[in-house]
Amino acid sequence: RILITGALGQIGSELTLKLREVYGENQVIATDIKKDNSEAAQSGPFETVDVTDFNRMMETAKKYKVDTIMHLAAILSATAEAKPVFAWHLNMGGLMNALETARELKAQFFTPSSIGAFGPSTPKNHTPQDTIMRPTTMYGVNKVAGELLADYYFYKYGVDTRGLRFPGLISNVCLPGGGTTDYAVEIFYEAVKNGKYTSYIDKGTYLDMMYMPDALNAIIDLMEADTLKFKHRNSFNVTAMSVAPEDIAASIARYIPGFEISYNVDPVRQSIADSWPNAIDASAAMEEWGFTWAYDLDRMTKDMIENIKKKK
Ligand code: VAH
């Protein structure tokens with residue numbers, strides 16, 4: 001059985017449904033700080049778990065005798081920059097509780113890292129799997145510390161921890177909250193609704209991105225992979241595309257003629273984005289467990305617009 005924390009968030013809401021499809025509804029225990037009427041909360045076992053409450057997490061994991069923990073609950077980059085102390089406690093306290101629960105239950109463990117784990121002194125293009133990591137954001141500090149902590153639990157206790165450094169994730173099921181790359185999600189909703197979008201990230205700002213279906217498949221492929229070829233665990237670089245706002249706008253305009261982008265840069269989120277790479281190198285993931293992806297920019301755009309239109 002799999003326990004997911006943050007199961008009602010941007011990744012969790014779709015990962016919960018995907019894992020229930022693949023492994024069976026009752027094999028996936030969705031948990032989050034409070035229940036809502038989303039399909040992830042309603043379509044199978046759900047428990048309220050505040051990840052900063054170790055006893056609650058442990059009793060829930062024991063109640064369902066879980067053998068896999070997927071820890072997704074976290075504060076994203078922009079919110080973490082606004083509330084750094086709160087972000088440290090939730091991101092690191094939650095991670096420690098999840099790792100301790102996995103250690104005690106001898107469970108397999110997944111948690112996402114991010115391109116946010118890199119900093120201004122990291123090579124910007126073809127960013128290697130192993131390179132300088134001096135992030136200048138609280139979120140980045142949390143992600144680098146989190147990678148080291150998850151590797152530590154493998155070396156020290158043999159916990160089968162695995163992780164992915166995700167790029168910006170684009171999806172149409174659950175809006176992200178408090179991220180820097182959220183512009184790349186908002187733009188699609190605004191395009192369908194108003195035919196235009198004002199971006200808070202400037203033109204020419206290249207960032208790695210990935211469509212959510214590819215992210216979900218990467219998690220499942222990673223967790224099911226044979227570790228014989230692993231040289232890394234926490235966490236693998238993965239990406240599907242490197243785009244700037246004007247590239248997304250041009251792709252949308254092919255499906256929504258007349259779509260226009262304008263810019264009103266938010267200096268805080270722009271400075272976070274500027275500290276991150278332009279394009280990372282995912283060759284380690286390809287070589288060690290066969291990482292691949294299916295959606296390029298236009299295929300993602302087509303699917304995003306079709307699905308958002310269905311919601312109207
Ligand atoms: C954020 N969506 O913007 C997250 C992610 C790479 C970006 O970590 O904070």
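The values are calculated or read from the model by the stated rules, or taken from the named source; none is laboratory data. Since the model is a prediction, treat every value here as computed from it, not as a measurement. Backbone-built Cβ (ideal geometry, glycine too); neighbour counts: all protein chains shown. Surface accessibility is based on the protein's heavy atoms, side chains included, excluding ligands, DNA and RNA. Shrake-Rupley method; radii C 1.70, N 1.55, O 1.52, S 1.80 Å.
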Among the aspartates and glutamates, which have Cα under 20 Å from the Cα of residue 310 when same-chain residues fewer than 8 positions away are ignored?
14, 39, 186, 190, 298
Please compute the per residue accessible area over the chain with all protein chains in place, 1.4 Å probe, rounded to a whole number of Å².
42 Å²
Where does the charge balance sit around residue 97 when Lys and Arg score +1, Asp and Glu -1, over other residues with C-beta under 14 Å from its C-beta?
-2
For the stretch 1-158, what is the per residue volume of the convex hull drawn over the alpha-carbon atoms, in cubic angstrom?
120 Å³
Around residue 272 (Cβ within 11 Å, Cβ-to-Cβ, excluding residue 272; K/R +1, D/E -1) the net charge comes to -2
Radius 11 Å from Cβ of residue 54, net charge of other residues (Lys, Arg +1; Asp, Glu -1)
-4
Less than 25 Å apart at the alpha-carbon level, and either on another chain or at least 8 residues along: which lysines does that give for residue 124?
143, 203, 231
Cα extents of the stretch 73-183 per principal axis, largest first, Å, are 39, 30, 29
Could you calculate the contour length gain from residue 298 to residue 124, that is, 0.36 nm times the residue separation minus the distance between their Cα atoms, to one decimal place in nm?
60.2 nm
For the chain, the percent of all C-alpha pairs falling in each 20 Å bin, from 0 up to the bin holding the max distance, is 34, 60, 6
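For the stretch 1-60, what % of the accessible area comes from carbon and sulfur atoms, probe 1.4 Å? All intermediate terms of the calculation are to be shown ahead of the outcome.
Numbers: 1110 of 2610 Å².
Reported share for carbon and sulfur atoms: 43 percent.
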